[in-house]
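Encoded as structure tokens, the structure appears first; notes follow it.
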Amino acid sequence: MDPLASTIGAILPFLNYLRPSKSPYLLISIVLSILLVIYGSEYQGNLYDFLYRAPIYGTLLFILYMSFRFVPEELEIIKNEKDAEKIAEIQREMDAQYKFSRSIIICASLIAIFSVFSSGQFGHFLHFAFYTSVIINIALFYLYMFFRNIKEENPFKYAIFQISFMMSTFIIASSFILAMVDIFDQRLFFNTIEAVDDVTGDVQLLSVYFDWRVIDFLVIWFCWLCYQIFWIFRLRSIIKLSIVG
């Protein structure tokens, strides 16, 4: 088989998952995460920083909520479809989404660990808290993979690929932002600008300003922790089904 055709054939199912009818909030989550990661403020924590971030925070929380409310198109097809073969085909596609989603989240978690440790400033309690939540996330999906091979619950209530990809996006974005936070400054939520006197060598405090990057991190961290809770409840349901089965 032509290598190009094989590559295209492997990519097409992934591109199909990205369609607005399947993942309407995915692109928004990626754009919002990028806007927070790449933004370099020149305003040093004043009102302009808040005006920039307020609509981003609001939209993040809104799409977080809506991602749980969105009903996949497969559910409507299953309800109205009479052909058993067609239903089986949809179920196979959903199963492929589950497998792909697990891989994405585990990979994102490992990238997050790399990002935080490579920042060269690991050691603050916030680093340990974030690291612990990522390790829990990895262990959660190891357990999920194990029990799902035994018994699966109804997969059609949520847009699993969208939830998984958004969670992965938030995991990576939060790790990038945490790596950029001056975590060992005088206070967690504030940055300081200091200067060293050339004559005496004394350090002079020039100004102190609010560090919005800490809030950026906490907001995105909160978003993917909500998804983590979602997966914990799904794992709980699968374990119950496995025991009953």
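The values are calculated or read from the model by the stated rules, or taken from the named source; none is laboratory data. All values reported here derive from a predicted model rather than from experimental measurement. In this analysis, Cβ positions are derived from the backbone assuming ideal geometry, glycine residues included, and neighbour counts consider all displayed protein chains.
Filtered by the rule that a residue be at pLDDT 90 or above and surrounded by 22 or more Cβ atoms within 10 Å (Cβ to Cβ), region 135-161 gives a lone residue, N137.
When F233, F176 are checked against the criterion of being at pLDDT 70 or above, of a type outside the set (A, V, I, L, M), under 25 Å from the mean Cα position of the chain (by Cα) and exposed (fewer than 11 other Cβ atoms within 10 Å of the Cβ), a single residue qualifies: F233. Within region 208-227, residues that are on the phi < 0 side of the Ramachandran plot sit with their Cβ atoms under 8 Å from residues that are β-branched (V, I, T) and modelled with pLDDT of 90 or more, at 6+ positions apart or across chains, in these pairs: R213/I177; D216/I177; F217/I177; I220/I177; W224/I171; Y227/I163.
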